[in-house]
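Below is one structure, written out as C-alpha cells, with a few remarks after it.
Bear in mind that the values in this text are calculations on the coordinates, not laboratory data. All of these numbers come straight from a predicted model, not from anything done at the bench. Here Cβ is always computed from backbone atoms with ideal geometry, including for glycine, and neighbour counts include all displayed protein chains.
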Amino acid sequence: MGEAAVRLKGPYITSQGNSLSQVSIAVLIPCYNEELTIADVVHQFRAQLPYADIYVFDNNSSDRTSEEAEEAGALVFHERRQGKGYVVQSMFRKVEADIYIMVDGDGTYPAEVVNRLIEPIVRGDADMVIGSRLHEMATSDFRLLNRIGNRLFRSLLNSIFGVRLTDLLSGYRVFSKRVVRALPLFGGGFQTEAEMTIKALHRGFAVVELPVNLTRRPSGSHSKIRIVHDGLLILSTILTLFRDYRPLTFFGGFGLSLIVIGCVPGVWVITDYVESGLVPRLPSAVLAVGLVLSGIILLLVGLILHTISRRFQELDLQLQSFAEDLRRERSRKNGRMGASGSEPQQ
C-alpha cells in the first residue's frame, strides 16, 4: 500500500493514515438484467467507499434491475442504445468525478480490493488500472472458452502493440478524470474494453494491472456474452485499431507479402527470358507485375498514413498539454479566490 490517501466529502483514508486533498469518486455499474446481483454489488461498494457516488446504468433490462438498484441506494440512469459500449460512452459523458470505477453488475468482481485499485491513480502512477483476472497472482473461476478467447486476443494485442498485458477484456477498471475525458470511444458492444485499452496505450497514458479474483455467477444469473458474435467483434476492433494506429506495419506487412509472392512467378519469367530471350509465360509475367506493383502501392499508403498518424499524435499530445495547463491555471485561480474569500474583512 502506498502512502497516498483519498478524502471524499468525509474521512476516507488509507491504512497509512495520511490524507490527500478532497476528490470525488464515482462507481459506474453497467447492467442488463442483473436483478439477482445488482443490490449486493451496490451494497458491497457502498461498504468499501461510503462517500462515493454509485451510478447504475440500465441497458433496457426486462427484469427488476432498476428497481433493485434504486432500493439499494444507487443513482439509476437508462441507456436505450443496446450494447455495453454505448453504456460506457453514456457513463463517461454524464458523470463528473475525479476518479471513476467501472465494474460489472454481475457480482463476479470483488469489491474489497477496490481501494488497492484506486491507489495507483491517487499516487499519480497510473491513468488506468485494470483488475486482471488472468494475472499470475489471481485465482479466477473462468469458463474454458472465455479463457481461451481472452488469451488469444491478449496475445494478438501484445504482439501488435508491443505491450505485456494479461487481461484485455476485464470489466473491473479504475480511471483518472484525464483519461476518461481524452478517450473517444465508438464501439457499441463488448469490444469496448479492448478499444479503451488500445486507445489509452496509443495516447501514452499509464496503464497498470493488479490481480483480482473472479468468482462464478450465482445460480440463475447468466452471462450476456455471445462467444462467436462478440469474439468476432473484438477481433474486428483489434484489427481496425491496428490499421488506424499502426498503418505502416499493417499496410507495409501486406505490401511486403505481395511483393514476395509476386517474385515467385517473376523469377520464372526472368529465367525464361534470360535463357531464350522470350516471355513464353505471359500470364505469369502479368501476375508478377501486378502483385509487385500492388505491394509497392500498399507500402506507399502505409508510409503516407504513418506520417499523418504521427502528426495527429503530436497534435493530440499538444492538446492534452494545453488542457492540463488550463486546468492548473483554473485551480490556481480557484485557490486564490478561496484564500481571498476566507480573509476577515477590516
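General remarks:
- R0 of 30 Å, Cβ-Cβ distance residue 80-residue 208: FRET efficiency to nearest 0.05: 0.30
- 14 Å beta-carbon shell around residue 247, net charge (K/R +1, D/E -1): +3
- Plainly put, the stretch 193-290 has a radius of gyration that is 1.32 times its Kirkwood radius, both from alpha-carbon atoms, as the Rg/Rh ratio.
- Inter-label distance for residue 64 and residue 297, nm, one decimal - labels placed 7 Å from Cα along Cα-to-Cβ: 6.3 nm
- Averaging the sequence gap over all C-alpha pairs within less than 8 Å and six or more residues apart, then dividing by the number of residues, gives the stretch 130-261 a relative contact order of 34 percent.
- Think of the stretch 113-239 as a dipole: +1 on every Lys or Arg Cβ, -1 on every Asp or Glu Cβ, centred on the Cα centre; then among 120, 229, 159, 229 lies furthest on the positive end.
- Modelled label positions at residue 93 and residue 307, each set 7 Å beyond Cα in the direction of Cβ, lie 3.6 nm from each other.
- For the stretch 24-162, the normalised intensity computed at q = 0.13, 0.19 Å⁻¹ comes to -0.63, -1.24 (log10 of I(q)/I(0), Debye sum over alpha carbons, equal scatterers, no solvent).
- Computed lengthening from residue 289 to residue 328, 0.36 nm per intervening residue step minus Cα-Cα distance: 8.2 nm
- Here the scattering of the stretch 254-308 is modelled by Debye summation over its C-alpha atoms, one equal scatterer each and no solvent; at q = 0.13 Å⁻¹ the log10 of I(q)/I(0) is -0.37.
- Here the simple spin-label model places points 7 Å from the Cα toward Cβ, and for residue 268 and residue 159 these points are separated by 3.0 nm.
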